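The next block holds one structure in the form of structure tokens; read it before the comments.
The values are calculated or read from the model by the stated rules, or taken from the named source; none is laboratory data. What you see is a predicted model, and the numbers here were worked out from it, not measured in a lab. All Cβ positions, even for glycine, are placed from backbone atoms using ideal geometry, and neighbour counts span all protein chains on display.
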Amino acid sequence: MSRPRLSPWRDGVLGSVAQTASAVGPGDEARDGNPGEIGLADVTALDDRSAADEQEPSTLEPPTLDPPTTEGTPEPEVIPRQTIAVVAAKGGVGKTTIATNLAVGLAKLAPLSVVLVDADVQFGDVAMALSLTPGRFLPDAVTAVAANDAMVLKAYLTPHPDGYYVVCGAESPADGDRVTGEQLGHLIRQLAGIFRFVIIDTAPGLGEHALAALEAATDAVFLCDMSVPGARGLRKELAVLATIGIMPPARHVVLNFADRVSGLSVKDVEATIGVPVDVAVPRSSLVTLSTNRGIPLLQNGKKNPASAALTDLVRRFDPSASLKRGRLHRRVVVA
Ligand SMILES: Nc1ncnc2c1ncn2[C@@H]1O[C@H](COP(=O)(O)OP(=O)(O)OP(=O)(O)O)[C@@H](O)[C@H]1O
Ligand SMILES: [Mg+2]
């Protein structure tokens, strides 16, 4: 059950992921046609929430993959699809907190077109963080029948009442350990053909599943806390990813547990990791409380410094937000 090592994965699984990607069949039309972009009208609501709650999962309607006929009508506005991997070198720095709040925030932007994947295959706790009681789990979503049929896959997702979907983590570490990086990569690509936003919560470090997530991602959210080991860990993580050539096109660095009593400043952390910090989320007992209650901070809509920082992070994925690309890496301060 130990996590596979980095280099064997690179040698053994990367090639397989490429093969899988080229071997996908029906249900992947959207990806094959134009992998990075979809039309506005293409982001179709699945089912209204109350209906979804009442139905058996297998009867949930998948979103429409084919663009509507546009003859005689103006071209629909093109909105990019984004696959966001939330990663960190160290454990306990807030990956699940960030991933779940991203799902809540992005679901407000794109209702029913967000899916959150718990790719911490052994000890994933996304379902707990969201107070979900799933009937299906990650190992179900990577079975051959789901891997080859988007309708079946849809039935294995757990809907959240707030308008997004979740692939909940395995019921046991042993079950989760049977999910390979290759299977996870295929699942992420399948979901990216269906949803506008795919968010992936990962286990600490660069195991095969985190690498599979990063390889499929358009965006990486890199997390570290305000500690020397945390910052050094992120620096090494970035260096390894650059060396092996797995770096998603867009990068977002989040400094979590930010405070003024750690003995480090944001500048110190930036000097260590070698890249700017994009968002600093303050240490806050409200975050801890929200985890313990199973209600992400952004779900209750109340204003506080931590939810403001999380909202800043969500806005980085909102094309209608006024942030210009050039201003994305702006100086952050710890209140
Ligand atoms: N900014 C914050 N302020 C206070 N507590 C926080 C903050 N961010 C996260 N926490 C708390 O820290 C704990 C760990 O957070 P979380 O589970 O998100 O980390 P993780 O990186 O996913 O951990 P793991 O590596 O075990 O998966 C949780 O109890 C969470 O509520
Ligand atoms: Mg976690």
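A residue that is free of Cβ contacts under 8 Å to residues at least 40 places away in the same chain, part of a strand (DSSP E or B) and either within 16 Å of ligand 2 (Cβ to nearest atom) or not small (Gly, Ala, Ser) (or both) can be found somewhere in the stretch 252-275. Taken over the stretch 213-232, the criterion of being over 18 Å from the mean Cα position of the chain (by Cα), of a type outside the set (Lys, Arg) and surrounded by fewer than 22 Cβ atoms within 10 Å (Cβ to Cβ) is satisfied by Ser227, Val228, Pro229. Among residues of the stretch 198-219 being away from ligand 2 (no atom under 16 Å from the Cβ) and in a strand (DSSP E or B), the one that is nearest to Lys154 (Cα to Cα) is Val198.
Can you work out which of the residues in the stretch 125-135 that are aliphatic (A, V, I, L, M) and not in a helix (DSSP H, G or I) is nearest to Ile98 (Cα to Cα)? Checking each candidate, the answer is Leu130. Applying a threshold of 7 Å to beta carbon distances and a minimum spacing of six or more residues, or different chains, the list of pairs starting in the stretch 120-132 at a residue that is more than 10 Å from ligand 1 (Cβ to nearest atom) and ending at one that is among the hydroxyl-bearing types (Ser, Thr, Tyr) reads Leu130/Thr100; Leu132/Thr158. Specify the residue that is nearest to ligand 2 (Cβ to nearest atom); the eligible residues are those in the stretch 277-307 that are assigned to a loop (DSSP other than H, G, I, E, B) and either surrounded by fewer than 16 Cβ atoms within 10 Å (Cβ to Cβ) or among the acidic types (Asp, Glu) (or both). So, considering only residues that are assigned to a loop (DSSP other than H, G, I, E, B) and either surrounded by fewer than 16 Cβ atoms within 10 Å (Cβ to Cβ) or among the acidic types (Asp, Glu) (or both), the one nearest to ligand 2 (Cβ to nearest atom) is Gly294. Among the residues of this structure, Gly193 counts as one that is touching a Leu at 6+ places or on another chain (Cβ under 8 Å), more than 16 Å from ligand 1 (Cβ to nearest atom), touching a residue at least 24 places away in the same chain (Cβ under 8 Å) and closer than 30 Å to Ala242 by Cβ.
The condition of being within 16 Å of ligand 2 (Cβ to nearest atom) and buried (at least 24 other Cβ atoms within 10 Å of the Cβ) holds for only one of Ala85, Ala141, Ala170, that being Ala85. Residues considered: Val261, Val279. Of these, the only one that is among the β-branched types (Val, Ile, Thr) and modelled with pLDDT of 95 or more is Val279. Against the definition (within 16 Å of ligand 1 (Cβ to nearest atom) and closer than 26 Å to Arg283 by Cβ), how does Leu238 come out, yes or no? Judged against the criteria, Leu238 is not a match.
Across the stretch 136-174, the number of residues qualifying as among the hydroxyl-bearing types (Ser, Thr, Tyr) and in a loop (DSSP other than H, G, I, E, B) comes to 3.
Could you tell me whether Asp312 is within 16 Å of ligand 1 (Cβ to nearest atom), surrounded by 14 or more Cβ atoms within 10 Å (Cβ to Cβ), at pLDDT 95 or above and within 21 Å of Ala210 (Cβ to Cβ)?
When the stated conditions are applied, Asp312 does not pass them.
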